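Everything below concerns the one structure shown next.
The values are calculated or read from the model by the stated rules, or taken from the named source; none is laboratory data. Owing to the predicted nature of the structure, the values given are computational and were not obtained by experimental measurement. Because the Cβ atoms are built from the backbone with ideal geometry, glycine has one as well, and the counts that use them run over all protein chains shown. The protein model used for the area step is the full one, side chains on, heavy atoms only, and it has no ligands, DNA or RNA in it. Shrake-Rupley method; radii C 1.70, N 1.55, O 1.52, S 1.80 Å.
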Amino acid sequence: MTIRLFNTLSGRVEELSPADGRTIRMYACGPTVYDYGHIGNFRTFLQVDVLRRFLRLEGLETRHVMNITDVDDKIIRNAAGAGVPIGEYTPRYEQAFFEDLDALEVEKPEIVARATEHIPSMVALIERLAAQDSAYRTEDGSWYFRIASFPAYGKLSKKDFSGIADGARVDVDEYDKDSARDFALWKSPKDGEYHWQTELGPGRPGWHIECSAMATEYLGDDFDLHAGGEDLMFPHHENEIAQSESASHTTFARHWFHVRFLLVEGRKMSKSEGNFYTLRDLLLKGYKASAIRMLLISVPYRQQLNFTFEGLAAETGAIDRLRTFHQRVRTAPTVSALNAELASETARAGEVFCEALANDLNTAEARAAVFDLVRAGNAAMDAGTLGAENVPQILEVLSRFDRVFAVLEDHDVEWTRFALDWAEREGRLDQVAPELLAQRDLSDEKIQALLDKRTQAKRTRNFALADQIRNELAEKGIVIEDWKDGVRWKRK
Ligand code: AMP
Ligand code: ZN
């Protein structure tokens, strides 16, 4: 199937196909590991995950590179504040980032590249730029990119920089949105700051050169797709293009994929606005990891998404419906005759699902097709007209859906446990919702002891005590089922 995707560079929805006919070579800007990520960050990583999962569902391979920015101004500042070297400061946040990706069922890229382990390629790239006058050294020993040497500057963000002043500079990674300035490639250390000794002199890399150097190292001078959040379009990605194309004289990434923001009350979720939630914040409030994934992927990547708790609660319900349906289809009584109408609805759901994703990754339409199938399937089961042959057809569509959406398998209890253990280690139990705390206090052994007591009570016909124990457990989120062979229980 032809996969069509909006390309920021051309400004059009275009076919995405691998240059080598088989493997999509892609680069996605990764996190700066100075703190826990917020769910706005994860919206971007999740939409990239949906893209890569869909490409693989369509039979393509991926060579997906993600960088870890483990050196920058904030990291250097925070590490110095904590009195540790940056190499001791960042690993816990890097680990937390990958744990969060696991909880959100985000597949790991084929290649994860840490900036601090690629300093030589960055130095080599800057030297190449300097050799052709695209980079210059300032009096303090820093190196800058000369924007005036790259006439195509602005082609991604569609900004007109024709009047830029040669030599106007910024030495910070963040600069004002509408002016182009020569930007730092290599920053000389200020009084005793962390630095590397290199051919360029002492210093550390700018953020933009990291991505250019690592993308090229693993993907070559030109590759299929480059991704990131919409805020990275300018200046970060514009600068990556300027550096890489000046050095290679060829097109850097052919296709640019930008994910629109997650908002809170109309404003970008961000650390600086203070309007953010981390994944762990939400798990500790009792929301499920799967519902968070579902919420963040269900609105297509080219629309901004406004975060609300009502929205999140609705996704919890949606996932329950899907999982219940999945279970029901596998266990419902069937009749021998094929339900032809259901069979055609099933086929249609499968087709619409893939067509919607192939059409600029329309996740909303793709999931709607599957919910149509849930409705039709439930109606057939209610009427007792589910044919034995319908079952594998429906399961095939659900499995196709889940190769991209990844919400049917239930790992929610595990991740909530994980967050609770983390909160305990970090002394953050005050942030935990009371219902969760009550559940946590109840170990498996305690539950079993209460259940034994209840069984004993029933044997001695003390039904009041048996009911009391059941209610007590129910309040703590433990559901009991009495079966012929004994009592089973699960955490809600
Ligand atoms: P950072 O760790 O700040 O470099 O950000 C990691 C990724 O998250 C980048 O691709 C950003 O563009 C993206 N990002 C940051 N804030 C948001 C947001 N509110 N919504 C969506 N993506 C975001
Ligand atoms: Zn980048």
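Per residue of region 315-327, in order, report the coupling 6.51 cos²θ - 1.76 cosθ + 1.60 (Karplus, θ = phi - 60°) as ³J(HN,Hα) in whole Hz, putting x for Gly and Pro.
Listing the rounded values in order: 5, 4, x, 4, 5, 4, 4, 5, 5, 5, 5, 4, 5 Hz.
How large is the accessible surface per residue of region 195-285, computed with a 1.4 Å probe and reported in Å² as a whole number?
It amounts to 32 Å² per residue over region 195-285.
Applying the Karplus parametrisation 6.51 cos²θ - 1.76 cosθ + 1.60 with θ = phi - 60° to the phi angles of region 421-426, what ³J(HN,Hα) value in whole Hz is obtained for each residue in order, glycine and proline being reported as x?
With coefficients 6.51, -1.76 and 1.60, one gets 4, 4, 4, 5, 4, 8 Hz.
Starting from the 7 Å offset along Cα-to-Cβ, what nm value, one decimal, do you get for the label separation of ARG4 and ASP133?
Label at ARG4, label at ASP133, 4.5 nm between them.
For region 45-148, give the magnitude of the charge dipole about the Cα centre (Cβ charges: +1 Lys/Arg, -1 Asp/Glu; no others), in debye to the nearest 20.
Here region 45-148 has a charge dipole of around 240 debye.
For region 267-405, give the magnitude of the charge dipole about the Cα centre (Cβ charges: +1 Lys/Arg, -1 Asp/Glu; no others), in debye to the nearest 20.
Once rounded to the nearest 20, the dipole reads 700 debye.
Could you give the size of the charge dipole of the chain about its Cα centre, using +1 on the Cβ of each K and R and -1 on the Cβ of each D and E, expressed in debye and rounded to the nearest 20?
Dipole size: approximately 1500 debye.
Averaged across orientations, what area in nm² does the convex hull of the alpha carbons in the chain project?
Averaged projected area of the chain's Cα convex hull equals 27.5 nm².
Positive end of the dipole of the chain, charges at C-beta (+1 Lys, Arg; -1 Asp, Glu), about the Cα centre: which of THR32, THR198, THR385 has its Cα farthest in that direction?
THR385
Would you rank ASP224, ASP320 by solvent-accessible area, highest first, keeping every protein chain in place and using a 1.4 Å probe?
Descending accessible area places them as ASP320, ASP224.
Please list 3J(HN,Hα) in residue order for region 483-492, calculated via the Karplus relation 6.51 cos²θ - 1.76 cosθ + 1.60 where θ = phi - 60°; whole Hz, with x for glycine and proline.
Using θ = phi - 60°, the values come out as 10, 4, 8, x, 9, 10, 9, 8, 7, 6 Hz.
Just the accessible area for MET233, please: 1.4 Å probe, Å², rounded to the nearest 10?
Answer for MET233: close to 50 Å² accessible.
Check ASN306: other-chain or 5+ apart residues with amide H under 5 Å from its amide H, H built from backbone geometry?
Those lying under 5 Å, H to H, from ASN306 are LEU263.
What do you get for Rg/Rh over region 324-482 if you use C-alpha atoms and the Kirkwood form of Rh?
1.14
How much accessible surface does LYS453 have with a 1.4 Å probe, in Å² rounded to 10?
110
Tell me the accessible surface of ASP281 in square angstrom (1.4 angstrom probe, heavy atoms of protein chains only), to the nearest ten.
In the full protein context, ASP281 sits at about 40 Å².
Of PHE405, TYR93, SER142, whose Cα points farthest to the positive end of the dipole of the chain (charges on the beta-carbon: +1 Lys, Arg; -1 Asp, Glu; origin at the Cα centre)?
PHE405
So what is the calculated 222 nm ellipticity per residue for the chain, using -39500 (n - 2.57) for each DSSP H run with n of 4 or more, over all residues, to the nearest 500 deg cm²/dmol?
Calculated mean residue ellipticity at 222 nm is -14500 deg cm²/dmol.
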